[in-house]
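A quick write-up on the structure given underneath.
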Amino acid sequence: MKRLFYISILALLTACGSRRSPQRSSERMVKDSTWREIKYIPVDTTFTMPGDSVRLAVPLRDLGRKPITRTSKSGRTTASVSREKETILVDCKVEELQKELQLLKERITEYRHFLETTSESIVIPQPYVPKPVKVLAWIGGIFILLAITGVILFIKKPFNFFKP
């Protein structure tokens, strides 16, 4: 019976001091960014069209001071023939077509970026005990000390209530 009493007193004294351990929480945030960059690169290109030709056959008796003119199918070459006294004049004009073009090349570059943020926080609980609970705890502590003192005195010098 005495052992049970001592064990219960020890349990009461040690049960009052329980503490909570700090709580850890971590938060992970991932941000994904994707963007596209388009660049136009100018490229100069020159196209050269070949020359053109015209064939002209005119009898000598038809030639005069007024020139006889013929144009090619493409329209770029003009030939004219005329006669001035004993001289035959031939005039041929060929326009070489040279076209310069500027082409645009498109280059698309795609970028992707990950941003990962990890934050860890430790929450340390602050002990908060309301005042009425503190008052009752003090009263209980004083009562336990008095009970322990009474038990010690009872063990050293037992009281005999039942002696006649």
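Annotations
- Taking other residues whose beta carbon is less than 15 angstrom from the beta carbon of Glu37, and scoring Lys, Arg as +1 and Asp, Glu as -1, yields +3.
- Neighbourhood charge, 10 Å Cβ-Cβ cut-off, centred on His113 and excluding it, Lys, Arg +1 and Asp, Glu -1: +1
- Phi-based couplings in Hz for segment 71-88 (Karplus 6.51, -1.76, 1.60; Gly and Pro marked x): 10, 6, 5, 6, x, 9, 10, 10, 10, 9, 10, 8, 10, 10, 6, 9, 10, 9
- Farthest positive-ward along segment 28-156 dipole, Cα basis, beta-carbon charges - from Thr87, Pro42, Val151: Val151
- Each residue of segment 57-68 is assigned a 3J(HN,Hα), and the resulting list reads 10, 10, x, 5, 5, 7, 6, x, 6, 7, x, 9 Hz, derived from the Karplus form 6.51 cos²θ - 1.76 cosθ + 1.60 (θ = phi - 60°), x at Gly and Pro.
- Cα Rg, Dmax (largest Cα-Cα span) when computed across segment 28-156, Å: 54.1, 167
- For peptides 122-132, 77-87, sequence by mean Cβ density within 10 Å, most packed first: 77-87, 122-132
- Label-to-label distance for Ile152 and Thr78 is 13.5 nm, based on points extended 7 Å past Cα in the beta-carbon direction.
- Computed magnitude of the charge dipole of segment 28-156 (debye, nearest 20; Cβ of K, R +1, Cβ of D, E -1): 260 debye
A short reminder: the numbers here are calculations on the coordinates, not readings from a lab. Source: prediction; values computed, not measured. In this analysis, Cβ positions are derived from the backbone assuming ideal geometry, glycine residues included, and neighbour counts consider all displayed protein chains.
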